[in-house]
């Protein structure tokens with residue numbers, strides 16, 4: 001969407017005469033939005049982002065670009081493997097179920113999975129900080 005942006009519109013009087021000073025930036029294309037705020041085909045978000053919704057038992061509820069998910073040994077330890085490298089990406093996780101059930105209390109932590117550039121490690125805990133199995137949502141944003 002192209003927009004014109006006005007920097008300023010100043011009216012002032014100088015020595016009894018009035019003048020107007022106005023400046024307008026040229027039209028600027030917004031490269032992230034298509035018609036009505038929709039993503040354009042081939043945008044970074046549509047092509048490179050990965051995400052997953054993982055159940056407390058480690059199974060995949062739904063996702064994009066996910067090859068596998070698993071609950072690892074011990075409480076609150078999970079891995080999600082994607083179909084491309086995620087080593088240079090940002091990882092965001094948040095506790096939450098796959099359905100409309102109540103949101104569990106606690107925290108989650110996330111990092112690149114040791115031993116693979118396609119994987120993410122997630123650790124979940126209860127509100128006291130004790131490791132616990134929790135369902136979570138994971139977003140991986142890549143450039």
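Laboratory data are not the source of any read-out in this text; all were calculated from the coordinates shown. Everything numeric in this text was worked out from a predicted model, so none of it was measured. Backbone-built Cβ (ideal geometry, glycine too); neighbour counts: all protein chains shown.
Place the peptides 107-113, 120-126 in order of packing, highest mean first, counting for every residue the other Cβ atoms within 10 Å and averaging per peptide. Working shown, then result.
Details: 107-113: 17.1, 120-126: 21.1.
Ranked by mean Cβ neighbours within 10 Å, highest first: 120-126, 107-113.
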Order of 92, 54 - criterion: other Cβ atoms within 10 Å of each residue's Cβ, fewest first: 92, 54
Proxy reagent accessibility, fewest Cβ within 10 Å first, across 78, 91: 91, 78
